[in-house]
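Encoded as structure tokens, the structure appears first; notes follow it.
Just so it is clear, none of the values below were taken in a lab; they were calculated from the coordinates. Given the structure is predicted, the values throughout are model-derived calculations rather than measurements. Neighbour counts run over all protein chains shown; Cβ positions are idealised from the backbone, glycine included.
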Amino acid sequence: MDEDQWLLRHGLRPDGAGLDEVRVLLNEQIRLERGSQGHGDTILMKLCCVQLFHAAVPDDVLLIWKAKTASFDAYCSIDIQLLCGGGLEWTKAYLSAHPAQESQAALARLLHCEEAGDFDDFSPAERSAMYAAYYL
């Protein structure tokens, strides 16, 4: 399934079973991309991350981070802001409290990007509108 088909099937804001399907597809694409760069579909991975961004479920933050760090192409394609569907402070607090080692790596990168100005004037609503303009 390509990006256009997936977007038609689930839209930008899937819920319930649709979100579960997004997670399954994203995990599969992560597995493929980690196996060999280019085997996963990073464009589709980004769309899945946008969908999870809209849901703002705390446990999805690390799934989005896993997608972002699956390969160099994925890292460049998946915006760091996608970790912050619940807001920047909310995400920093979540990552700070999470015991997984990868949460500390995600937090360190997030703080670095914040310091570099990547979150100046950031809001989930404005980022959502940007993705809606791009995809719809």
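If the elastic network links every pair of Cα atoms under 10 Å, which of P124, P99, P14 fluctuates the most in the Gaussian network model of the chain?
In the Gaussian network model the winner is P99.
Set Lys and Arg Cβ to +1 and Asp and Glu Cβ to -1, take the dipole of the chain about its Cα centre, and tell me which of S128, S103, I78 lies farthest positive.
Working it through, the farthest residue towards the positive pole turns out to be S103.
Express the Stokes-Einstein translational diffusion coefficient of the chain in µm² s⁻¹, to the nearest whole number, given a Kirkwood radius over alpha-carbon pairs, 20 °C and a viscosity of 1.002 mPa s.
The Stokes-Einstein estimate is 144 µm²/s.
When only DSSP loop residues count, what chymotrypsin sites (Phe, Trp or Tyr not before Pro) in segment 44-101 have their Cβ near at most 16 other Cβ atoms within 10 Å?
none
Determine the calculated [θ] at 222 nm for the chain from helices alone, applying -39500 (n - 2.57) to every DSSP H run no shorter than 4 residues and normalising by the residue count; nearest 500 deg cm²/dmol.
Helix-only estimate at 222 nm: -21000 deg cm²/dmol.
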